[in-house]
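Shown next, in structure tokens, is the structure this report addresses.
The values are calculated or read from the model by the stated rules, or taken from the named source; none is laboratory data. The shown structure was predicted, so the numbers you read here are calculated from the model rather than taken from an experiment. Here the Cβ is made from the backbone with ideal geometry for all residues, glycine too, and neighbour counts use every protein chain on show.
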Amino acid sequence: MVWAQAIQQDAAHRGIKVLLTGQMGNMTISYTGDRLLPRLLAQGQPRTWWREGRALKRATGMRWHGLLAQSLAPYLPPWLWQRLERLRGGRDWAITDYTAIAPAFLRRMDHQARVHATGWDLSYRPWADGRRMRIAVLDRLDNGDYGVAANAAGLEMRDPTADRRLIELCLSIPDTQYLRNGQTRWLLHRRMSGLLPPEILHAKTKGYQAAYWYEALGEELPRVGADLARLRLSGVGQYLDLDSLSASLAGWPDSGWHEHQVVQRYRLKLLRGLSVGQFVRLVQADNG
């Protein structure tokens, strides 16, 4: 949000009144269609799966074991998927690796029962159903407050990809129209051909939001340390594992910022933990 707000502030400073975004595009017009592969297996279409998998491998450079993992993982028990991920050096999604919630508070909240009630999969297996996946993502987002804040600053935020009619249309289109012959986002490529520049439409790379996050945070380490000290005095420790956050701060790395474990520990756990802690202090009557 710091990154997004900087863009908004720059636009407002330049006198721009309306800013178009595409935040819902990944779940609508530019959905990749990659959930087609597990769906083909579930529908008993191994020959079509083989043809699409081979084409996708040729187009993207994916390896067969990756294609198999993406295709079979949705149907594995969560514990087995997590164990296989650890064996092949993949991602480990232990909740305390990427959230700063205090272990005692986690137990008191009975998070396993809450997870079960919501139906959310904390093993983060790939989804079997692209439509259900996109609906779940859309249900988790509500950008209304951010839009109102931008409007208050004199900038109107509009997201054409969030138009309800467009969302309903895209959700009604089968995955076979999004992935075909190894071409992901096949629908977008067909509809935008001749409208978008080729270097945009056929881009092989993907951007990374707020890529400089660790540089900006590194410049504020003394301030972060002072913030953690204030959080200890505020009683936030009953909710947040402040010892873990302090240890992360003390072990600030010099490199490896692209590595999954580093991103989990610092971009997710530390920054989100600080945000939650500051919010709790904000609403406390004696926050000073």
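Which residues, taken from segment 140-162, are of a type in the set (V, I, T) and farther than 12 Å from Q23 by Cβ?
V148
Can you confirm whether G273 is at pLDDT 95 or above and within 22 Å of A6 (Cα to Cα)?
Yes; evaluated as a whole, the condition is true for this residue.
Taking the stated definitions as given, is G182 in contact (Cβ under 8 Å) with a residue 24 or more places away in the chain, out of contact with any strand residue (DSSP E or B) (no Cβ under 9 Å at 6 or more places or on another chain) and either more than 28 Å from V2 (Cα to Cα) or of a type outside the set (A, V, I, L, M) (or both)?
The answer is yes for G182.
Given the condition among the basic types (K, R) and assigned by TED's automatic domain parsing to the domain that holds I167, answer yes or no: does some residue in segment 58-76 qualify?
The answer is yes; a qualifying residue exists.
Of all residues in segment 5-32, which are in a loop (DSSP other than H, G, I, E, B), under 14 Å from N151 (Cα atoms) and among the hydrophobic types (A, V, I, L, M, F, W, C)?
I16
If you take the residues of segment 194-211 that are surrounded by 11 or more Cβ atoms within 10 Å (Cβ to Cβ) and outside any loop (DSSP other than H, G, I, E, B), which of them is nearest to the chain's Cα centre (by Cα)?
L201
Mind listing whichever residues of segment 33-69 are touching a residue at least 12 places away in the same chain (Cβ under 8 Å) and part of a loop (DSSP other than H, G, I, E, B)?
Those that are touching a residue at least 12 places away in the same chain (Cβ under 8 Å) and part of a loop (DSSP other than H, G, I, E, B): G33, D34, R35.
Can you name the condition, by its number, that L37 falls short on among (1) touching a Leu at 6+ places or on another chain (Cβ under 6 Å); (2) assigned by TED's automatic domain parsing to the domain that holds L171?
L37 satisfies every listed condition except (1).
Can you name the residue in segment 9-38 that is surrounded by fewer than 21 Cβ atoms within 10 Å (Cβ to Cβ) and under 19 Å from G182 (Cα atoms) and is also farthest from the chain's Cα centre (by Cα) among such residues?
That would be I29.
Name the one entry in L138, L84 that is over 30 Å from W3 (Cβ atoms), hydrophobic (A, V, I, L, M, F, W, C) and in the same structural domain as M27 (by TED's automatic domain parsing).
L84
Could you tell me which of the residues L155, L166, L141 is touching a residue at least 60 places away in the same chain (Cβ under 8 Å) and exposed (fewer than 12 other Cβ atoms within 10 Å of the Cβ)?
The conditions single out L141.
For D227, are the conditions met, namely being in contact (Cβ under 8 Å) with a residue 12 or more places away in the chain, of a type in the set (D, E), within 22 Å of M1 (Cβ to Cβ) and outside the structural domain of E85 (by TED's automatic domain parsing)?
Spelling it out, D227 is indeed in contact (Cβ under 8 Å) with a residue 12 or more places away in the chain, of a type in the set (D, E), within 22 Å of M1 (Cβ to Cβ) and outside the structural domain of E85 (by TED's automatic domain parsing).
Here's the yes/no breakdown for (1) crowded, with 17+ Cβ neighbours inside 10 Å; (2) charged (D, E, K, R); (3) touching a Pro at 6+ places or on another chain (Cβ under 9 Å):
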residue: T184; (1), (2), (3): yes, no, no
residue: R191; (1), (2), (3): no, yes, no
residue: G218; (1), (2), (3): no, no, no
residue: V224; (1), (2), (3): yes, no, no
residue: A247; (1), (2), (3): no, no, no
residue: V262; (1), (2), (3): no, no, yes
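When the residues of segment 94-113 are narrowed to those that are part of a loop (DSSP other than H, G, I, E, B) and touching a residue at least 24 places away in the same chain (Cβ under 8 Å), which ends up surrounded by the most Cβ atoms within 10 Å (Cβ to Cβ)?
Applying the filter and picking the extreme gives A100.
Given (1) touching a residue at least 40 places away in the same chain (Cβ under 8 Å); (2) within 30 Å of A203 (Cα to Cα), identify the lone condition not met by L72.
With (1) touching a residue at least 40 places away in the same chain (Cβ under 8 Å); (2) within 30 Å of A203 (Cα to Cα) applied to L72, the lone miss is (1).
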